[in-house]
Amino acid sequence: MPARTLSEKLAILSDAAKYDASCASSGGQRRDSRDGKGLGSSGGSGICHAYAPDGRCISLLKILMTNFCIYDCAYCVNRATSRVERARFSVEEVVKLTVEFYRRNYIEGLFLSSGIIRSPDDTMADMVRIARTLREQEGFRGYIHLKTIPDAAPELIDEAGRWADRLSINVEMPTEAGLNRLAPEKDAKGIRKAMAEVRLRREASREASYTGKRKARFAPAGQSTQVIVGADAADDHAILSQSTNLYANYGLSRVYYSAFSPIPDASKVLPLARPPLLREHRLYQADWLLRFYGFEVGEIASRGMLDLDVDPKLAWALENRAAFPVDVNRAAKEMLLRVPGFGTKTVQRLLAARRHRTLRYEDLAAMGAVMKHAKPFIVAAGWSPRGLTDAAALRARFAPPPEQLSLF
Ligand code: SF4
């Protein structure tokens with residue numbers, strides 16, 4: 001086989017990386033090279049771009065070091081038995097690409113993952129070498145997110161955290177049984193142990209030292225993980241329960257949900273029963289409600305699966321109409337957060353404003369509320385929904401009309 005050019009490798013290995021959802025650079029440490037020392041700068045928060053396969057909005061160079069892999073995870077397009085084109089970057093090639101893209105202002109950082117070549121330690125050692133070379137030799141101050149291989153030696157994970165802004169270790173499946181069946185070479189306990197170690201190292205790096213000396217940085221933007229949705233029979237309740245435990249136990253900055261896309265010869269995975277991207281989207285919305293709106297998993301996924309027709313907060317309100325309408329001038333913060341169309345910022349503004357005056361319906365839109373959703377569920381000066389809250393047809397105002405299935 002003739003040697004591949006760098007651009008051919010880039011085409012294969014950026015396309016292979018598109019299945020990994022776990023990259024976002026929010027929370028990274030702010031670095032700046034406008035002092036003339038080093039190269040590039042990374043924004044402190046809010047950056048969340050990826051190297052899209054269609055070339056859109058390139059802010060992170062998102063690639064695999066290689067899509068060769070000795071493991072055979074049934075849900076993965078790069079598994080050992082998959083018949084895909086393979087390619088491998090050398091350490092120097094990844095460094096060169098990152099620096100060149102950065103200099104041309106195409107990217108703000110690197111998201112690097114990899115199939116497992118030879119052994120977890122060898123693979124992790126190459127990834128660490130890329131990050132170290134970028135930081136030490138190239139003076140690279142952009143964002144680096146490294147996918148960590150859980151079975152790799154602790155000293156390699158230690159070093160990875162020293163150079164990277166964020167580390168992620170994928171839990172992959174919503175349940176241990178699912179992981180055992182679809183990725184038998186992976187070990188759920190090993191994955192959790194590695195995540196716990198990353199958490200401990202991060203905490204240790206932030207503790208004050210007795211000498212007053214700053215401790216070595218360790219993944220300042222935190223750790224994240226990815227769960228593949230739809231490859232096994234786990235329902236949304238199981239997925240969200242797992243996420244709740246992951247946030248609580250490992251101090252994760254984010255759980256990413258990656259809709260499983262069927263692969264031609266993946267015989268062990270389930271055929272898709274629900275539109276995968278819509279399911280993924282609803283899980284992100286539900287995850288947000290659990291983290292910032294005070295909902296419990298059992299409330300929003302009480303039937304096992306989330307409602308695909310309406311967002312989870314609206315679905316909860318429609319099912320719990322006895323709790324509404326809510327008086328925006330009197331209700332507690334916890335209840336205001338449950339009003340469809342009210343975000344956390346809207347609630348903050350509303351609470352601040354009502355200390356000084358009585359809020360009218362017209363005030364709420366100016367505070368950022370989505371009144372189309374909120375209107376049946378609130379009372380304000382000059383507005384009462386009357387029978388609208390309990391109207392039998394209320395759900396139909398929000399849910400898309402049922403489609404006639406095609407006979408052909
Ligand atoms: S180890 Fe990673 S790259 Fe290899 S088959 Fe499993 S999921 Fe795919």
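All of the numbers you see were taken from the coordinates with simple rules; none came from a lab. Bear in mind that the values here come from a model prediction, so they are computed numbers and not experimental data. Backbone-built Cβ (ideal geometry, glycine too); neighbour counts: all protein chains shown.
Near the amide H of residue 383, within less than 5 Å, lie the amide hydrogens of 361, all on another chain or at least 5 residues away, with H placed in the peptide plane.
In this structure, residue 81 and residue 319 have a Cβ-Cβ separation that, at R0 = 41 Å, corresponds to a calculated FRET efficiency of about 0.35.
Database remark: amide H of residue 171 closer than 5 angstrom to the amide H of 226 (H placed geometrically; neighbours at sequence offset of 5 or more, or on other chains; Pro and chain starts carry no H). Straight-line cross-link reach from residue 345 at under 24 Å between alpha-carbon atoms covers these lysines, not counting any fewer than eight positions away in the same chain: 313, 333, 372, 375.
Kirkwood hydrodynamic radius, computed over distinct alpha-carbon pairs, for region 312-398: how many Å, to one decimal? Don't skip to the answer; put the middle values down first.
Values: mean 1/r = 0.0781 Å⁻¹.
It is 12.8 Å.
Only the Cβ atoms of Lys and Arg (+1) and of Asp and Glu (-1) were treated as charged; on that basis the dipole of region 312-398 about its Cα centre amounts to roughly 180 debye.
Please give the peptides 157-167, 384-394, 334-344 ranked by average Cβ packing (other Cβ atoms within 10 Å per residue), highest first, as a rough proxy for protection. Mind dumping the intermediate values first?
On the way: 157-167: 23.1, 384-394: 13.5, 334-344: 19.7.
Taking the mean over residues of other Cβ atoms within 10 Å, the ranking is 157-167, 334-344, 384-394.
Would you mind pulling out the separation of the Cα centroids of region 158-226 and region 303-319, in Å? The distance from the Cα centre of region 158-226 to that of region 303-319 comes to 33 Å.
Count charges around residue 303 for me, please; just the other residues with Cβ under 15 Å from its Cβ, Lys/Arg as +1, Asp/Glu as -1. Show your work: numbers first, answer last.
Working: positive: 274, 279, 282, 395; negative: 235, 236, 296, 299, 307, 309, 319.
So the surrounding residues net to -3.
For residue 326, the amide hydrogen comes within under 5 Å of the amide hydrogens of 378, 379, counting only partners 5 or more places away or on other chains and with H modelled in the peptide plane.
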